Amino acid sequence: MQDNLDILSRAIHDWIPADRPVSQAPPARELEQLLDLQLSNEGAGQEALEQGIRDYLHYNPDVSKAGFFKLLYSGLNKPALLGDWITSLGNATMHTYQVGPVATLMELELIRQWNKLVGFDDGEGVMVAGGSQANLIGMMLARHKTCPDFKTRGADGRTLVAYVSDQAHYSAQKAANVLGIGTDNLIAVETDDYGRMIPTALDQAIQTSLSEGHTPFYISLTAGTTVTGAYDPVAECSAVGRKHDLWLHIDGAWGGPILFSEQHRDLLANSHLADSFTWDAHKLMNVPITAAVILVKQPGALQAACSGGGADYLFHADENAAYNLGERSIQCGRRADALKVWLSWKAEGNNGFAAKIDYLQSIKQYCVDHIEAHSQLEMLAPALYLNVLFRYRPAHLTDEEELRKLNIEICAEMRRSGGAYVDYARFKGHTGIRLILANGDVEQSDIDALLADVQRIGDMLVARG
């Protein structure tokens, strides 16, 4: 054990230099030639193991740096990191209270607090391996509400239809596949110029399905879309859902934490009208991947939809039966992700997360103001949340395909040169640079440096022709 602690200490202090670039990995085929990753019949010594660790750390993007703007997570949460280490040391599993007693009670407290933020007064929930699984369970709950016998009989000739916005996360397609709904029966509803679902278009899509003899069963709204950070209108879409008696889910994996902020929580007003809710703690709460939860308004719904088997040897009817979370889950073995989230929340408190969101919103506005004041930068969508989608656009260039290629190359060149790590995305026919603000250590100077790099690299590429 002491040897491992020594390696961990060296990894922290010696193998992750403070001045390393945000990203420094070459293309995959080149990296394959640089590394010795071959496994063999004979075990290797300590030196080979340490080299593997050093390679892993050296080439992995440094997501803790302020310049990591690529994905919906970044930053370093020290209490949560400690919790992740301790979780591996304890190696608890979460199907019963007996083998994860403290972790179970921590998870139940987290679920109470999450439900309180969302507005589910008597809700339940279970932690899951990422927002994709949470969204899958949300669709599964809806399927069970509409067709309880689907669990035992399958589709039995029925065609169930689900509805998401055309900006929804691709996990909805995975869920439709896994649950036997069929991706052809997942309807992408039109969105407005902000990227928000249009309620009248939702109602029309449901009416069309009914006229075809199909069974509408599920609406999933997005709170914080991946490209523009848009929030679908909950109250209006809830009214459509109630009209047709459909389950209403909110995918708040990215945008759910806005509920911490009194100043900005109106972006997710009426969240209590949903039947279920996805929240990823490994995104804006900066907990190490993965840590997510599916929250449900109606107690007992998770067990009804997810349970099956295990009573003979695992889920005993003893004094702790009510604390066994396994029957709420589609997993059996499940890591105790509650500890890292609980330590983080205990250390920060609701006010700490609220302060972070308010600060990042001010940084977002600073960024938007500078883009809008710049003659060669252009916003591609309104930035209500922490996504900023913009592009470099010199006055003489109007062709969309050329602009697309130019902005994609700006992202690639910035990464190759050791600058900020951003990505590109497409919205309503335009491709631009997608900036994600999730790291509370980002400062105005980081935004200044990024925008200056975009200008410099764009000018250089244009000069090259």
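Overview of values
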| item | result |
| --- | --- |
| Options Tyr218, Asn270, Ser64, ranked by Cα towards positive dipole end of the chain, top entry (Cβ charges) | Tyr218 |
| Arg153-Ala449 pseudo-label distance in nm [points 7 Å out on the Cα-to-Cβ vector] | 6.3 |
| The stretch 309-465, dipole about Cα centre (Lys/Arg Cβ +1, Asp/Glu Cβ -1), debye to the nearest 20 | 240 |
| Pairs beyond 22 Å (Cα-Cα), from Lys364/Lys405; Lys283/Lys346; Lys405/Lys428; Lys70/Lys405; Lys116/Lys174; Lys65/Lys340 | Lys364/Lys405; Lys116/Lys174 |
| Extended-chain gain in nm, criterion 0.36 nm per residue less alpha-carbon gap, Asp184 and Arg29 | 52.2 nm |
| For Ala92, residues with placed amide H under 5 Å, excluding near neighbours | Ala336 |
| Footprinting exposure proxy for Tyr366, Tyr313, Tyr218 (fewest neighbouring C-beta atoms within 10 Å first) | Tyr313, Tyr366, Tyr218 |
| Computed magnitude of the charge dipole of the stretch 82-345 (debye, nearest 20; Cβ of K, R +1, Cβ of D, E -1) | 340 |
| For the stretch 220-229, Karplus couplings with θ = phi - 60° (6.51, -1.76, 1.60), whole Hz, Gly/Pro x | 10, 9, 10, 10, x, 5, 5, 8, 10, x |
| Projected-area mean, the chain, by convex hull of Cα positions, square nanometres | 25.8 |
| Which of Met106, Met460 has the fewest Cβ neighbours within 10 Å, and the rest in rising order | Met460, Met106 |
| Electrostatic dipole magnitude of the chain [Cβ: Lys, Arg +1; Asp, Glu -1; Cα centre; debye, to 20] | 480 |
| DSSP-defined antiparallel bridges as percent of all bridges, the chain, nearest 5 | 60 |
| The stretch 277-349: translational diffusion in µm²/s, Stokes-Einstein, Kirkwood Rh over Cα pairs, 20 °C, 1.002 mPa s | 152 |
| For the stretch 194-353, convex hull volume per residue from C-alpha positions, Å³ | 151 |
| Potential extension, Ile289-Lys243 segment - 0.36 nm per residue separation minus Cα distance | 12.7 nm |
| Sum of side-chain charges, Gln167 neighbourhood, beta-carbon under 12 Å (Lys, Arg +1; Asp, Glu -1) | -3 |
| Packing-based order for 329-339, 173-183, using average beta carbon neighbours within 10 Å, highest first | 329-339, 173-183 |
| Efficiency of FRET from Cβ geometry, Glu409 and Asn351, R₀ 56 Å, rounded to 0.05 | 0.85 |
| Around Val287: net Lys/Arg minus Asp/Glu count, Cβ-Cβ under 14 Å | +1 |
| Between the stretch 185-230 and the stretch 14-64, the alpha-carbon center distance in angstrom | 44 |
| Percent of C-alpha pairs per 5 Å bin, the stretch 349-464, short to long | 2, 11, 23, 24, 19, 10, 6, 3, 1, 1, 0 |
| Calculated from backbone phi, Karplus (6.51, -1.76, 1.60) coupling profile of the stretch 271-280 in Hz, x at Gly/Pro | 4, 5, 6, 6, 9, 8, 8, 9, 9, 9 |
| Distance (nanometres) between label positions extended 7 Å along Cα→Cβ at Ile7 and Lys116 | 4.1 |
| Neighbour-count order for Trp114, Trp254, Trp279, fewest beta carbons within 10 angstrom listed first | Trp114, Trp254, Trp279 |
| Label-point gap, in nm, between Tyr359 and Arg265 - each point 7 angstrom along Cα→Cβ | 2.1 |
| Positive minus negative residues near Tyr421 (Lys, Arg vs Asp, Glu; Cβ under 14 Å) | +1 |
| Gyration tensor (alpha-carbon) shape descriptor, the stretch 1-54, a/c threshold 1.5 | oblate |
| Cut-off under 5 Å, modelled amide H: who pairs with Ile187 long-range | Ala162, Tyr163, Val164 |
| Extension gain, Ser64 back to Asp166 (0.36 nm per residue minus Cα-Cα distance, nm) | 33.6 nm |
| Amide H contacts of Gly130 (H built 1.01 Å from N, under 5 Å, at least 5 apart or other chain) | Ala291, Ala292 |
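Bear in mind these aren't lab numbers, they're just calculated from the coordinates by the rules spelled out. These numbers were taken from a predicted model, which means no experiment stands behind them. Reconstructed Cβ throughout: ideal geometry from the backbone, glycine too, with neighbour counts over all protein chains shown.
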